[in-house]
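Quick notes on the structure that follows.
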């Protein structure tokens, strides 16, 4: 076997072993939470599922709206509280919400009473500590457990420009003409 042929064989073998080894990392590494495209992060805690969690904000120093949908998949009512981590402390956002079995609620307060769930005011982070694109930690608690999740802060631009009013921002058309 010629030396150049030997090198190609070794290079091909090295590439194959590297691909298998790196592919194994994806399979064997634990995943804490999941993200679904840009629609948010998901959390399961007992009978509670929270889908599409995001914070919509101009970022650092500005208020933010928590978006997402909390669902009680159990047979007993759940009391749910959402808090945000700021400077190492968890600050509760709004009042706790009572979810009856098989009901859900949008955390942004839109479509209140959807699926028989309760009406709530939007969950507002008073001062978001990070810039858009960074992650912020939310804690979702029920009466018997609490789970923390890092979620993205997204700017109030399409498709999240529907939150401009809640955040007291000029509309995107007004921003473009200024």
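Take segment 116-141 and flag every residue that is surrounded by fewer than 13 Cβ atoms within 10 Å (Cβ to Cβ) and more than 20 Å from residue 152 (Cα to Cα).
Residues satisfying the conditions are 116, 119, 121.
Given the condition surrounded by fewer than 10 Cβ atoms within 10 Å (Cβ to Cβ), in a loop (DSSP other than H, G, I, E, B), at negative phi and modelled with pLDDT of 90 or more, answer yes or no: does some residue in segment 79-93 qualify? Please lay out each step first, then the result.
Applying the first criterion (surrounded by fewer than 10 Cβ atoms within 10 Å (Cβ to Cβ)) to segment 79-93 yields 87-89.
Next, only the ones that are in a loop (DSSP other than H, G, I, E, B) stay: 87-88.
Of the ones still in play, those that are also at negative phi are none.
There is no residue in segment 79-93 that is surrounded by fewer than 10 Cβ atoms within 10 Å (Cβ to Cβ), in a loop (DSSP other than H, G, I, E, B), at negative phi and modelled with pLDDT of 90 or more.
Given the conditions (1) in a loop (DSSP other than H, G, I, E, B); (2) within 17 Å of the chain's Cα centre (by Cα); (3) surrounded by 15 or more Cβ atoms within 10 Å (Cβ to Cβ), which single one is not true for residue 147?
Status for residue 147: all satisfied but (1).
The values are calculated or read from the model by the stated rules, or taken from the named source; none is laboratory data. Nothing here was measured: the structure is a model prediction, and the numbers come from that model. In this analysis, Cβ positions are derived from the backbone assuming ideal geometry, glycine residues included, and neighbour counts consider all displayed protein chains.
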